[in-house]
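Reviewing the structure listed below.
The values are calculated or read from the model by the stated rules, or taken from the named source; none is laboratory data. Given the structure is predicted, the values throughout are model-derived calculations rather than measurements. Neighbour counts are summed over all protein chains in view; Cβ atoms, including those assigned to glycine, are modelled from backbone coordinates with ideal geometry. Each accessible area value is taken on the protein alone, full model and side chains, heavy atoms only, with ligands, DNA and RNA left out. Shrake-Rupley method; radii C 1.70, N 1.55, O 1.52, S 1.80 Å.
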Amino acid sequence: MDILEAIQQRRSTRGFLDRPVDRNVVERLLSLATQAPSAINLQPWEIVVVSGEERKRLSRVLVKRMRERNISCGPGAKRPLAEHFVGRQRALLQCMLPNLPAGRPFEEFINEGSCNFYGAPTALILALDQVFSSARLTDIGVVVGYLALAAHAMGLGTCPIGLITAFEEDIREELGLPEEKQIVIGIALGYPDPQSAVNRSRSGRAPLEEVVKWRE
Ligand SMILES: Cc1cc2nc3c(=O)[nH]c(=O)nc-3n(C[C@H](O)[C@H](O)[C@H](O)COP(=O)(O)O)c2cc1C
């Protein structure tokens, strides 16, 4: 698949087939994703692949914690958001709502779904050693972009899961990661379910005039 086509087509997958992703496929995907550029070629990303029963076990812990602590997906903003950001949030809700399982409130679908990696057979947990400053989070963002596009080109679906950072300590404990590893993001990975209505949601993008300034 052409890279430009992959960029145009890719959207987050929130409905997965109950079909495992073979280890050699995950390895190929990760070897492509880690071709991403990074500052000084440090490649600071650390990736834990959690599959099958282990993924389900991790999700049970996350769902339990999410309910106990009443944690919900949010924009992570320090102040109230400007109207155009609120509008983009609203637009996402409106594009997904008609495709949600009947009677399932949006927040519940997102919060439970995220902790459950939307039923994907594999979850990737991306960590950054705290020896690095927050500047290196950019490198993790780049590898996530590469990974999502490469997965799409390979017929796989992904959904980045930022919500899991709320359960950093639990994840470290479950995966046996030392305290100095910062959990940056999770990624649900699997084969998209073609019957899943939610996968038909296509989020829009702001027109370029809203996000680009030209100085010539
Ligand atoms: C850093 C980051 C964190 C995200 N966290 C979540 C999440 O916790 N749960 C979820 O359902 N989607 C999550 N997403 C997916 C976004 O909602 C999605 O990328 C956005 O709505 C644009 O839609 P698209 O990916 O289909 O193009 C996240 C995406 C990014 C880049």
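Observations on the structure shown:
- Placing +1 on each Lys and Arg Cβ and -1 on each Asp and Glu Cβ, with no other charges, gives the chain a dipole about its Cα centre of roughly 580 debye.
- Projecting the Cα atoms of Ala151, Leu93, Ser134 onto the charge dipole of region 72-216, computed from C-beta unit charges around the Cα centre, puts Leu93 farthest toward the positive end.
- Under the Debye formula (equal points on every Cα, no solvent term), log10 I(q)/I(0) of region 120-203 at q = 0.20 Å⁻¹: -0.97
- Residue-count net charge about Gly15 - beta-carbon cut-off 10 Å; Lys, Arg +1, Asp, Glu -1: +1
- Nearest-20 debye value, region 120-216 charge dipole, Cβ charges on Lys, Arg, Asp, Glu: 560 debye
- Checking every one of the GluC sites (Glu not before Pro) in region 131-194 against DSSP loop status and a limit of 15 other Cβ atoms within 10 Å picks out Glu179, Glu180.
- Once the 1.4 Å probe is applied to the protein heavy atoms, region 1-78 comes out at 67 Å² accessible per residue.
- Alpha carbon convex hull of region 43-108, volume per residue in cubic angstrom: 194 Å³
- Entry comment: accessible area of region 142-207 is 43 Å² per residue, from protein heavy atoms only and a probe of 1.4 Å.
- Dipole axis of region 13-88 (+1 Lys, Arg; -1 Asp, Glu on Cβ), positive-most option in Val21, Cys73, Val50: Cys73
- Gyration tensor (Cα) of the chain, equivalent ellipsoid semi-axes in angstrom: 24, 23, 21
- Centroid-to-centroid separation of region 98-164 and region 174-216 [C-alpha atoms, Å]: 6 Å
- At the residue level, Phe16 shows approximately 20 square angstrom of accessible surface with a 1.4 angstrom probe and all protein chains present.
- For region 46-77, trypsin sites (Lys or Arg not before Pro) meeting the loop criterion (DSSP other than H, G, I, E, B) and having at most 12 other Cβ atoms within 10 Å: none.
- Using the empirical formula 2.2 N^0.38 Å as the baseline, the Cα radius of gyration of region 28-72 reaches a ratio of 1.69.
- Nonlocal amide H pairs with Ile161, under 5 Å, H built at 1.01 Å: Gly186, Ile187, Ala188
- Region 74-90 versus region 1-44: alpha-carbon centroid distance in Å: 28 Å
- Heavy-atom accessible surface of the chain: percent carbon and sulfur, 1.4 Å: 52 percent
- Placing +1 on the Cβ of every Lys and Arg and -1 on the Cβ of every Asp and Glu, with nothing else charged, gives region 1-46 a dipole about its Cα centre of roughly 160 debye.
- Cα gyration tensor, region 114-161 - rounded (a/c under 1.5), prolate or oblate: oblate
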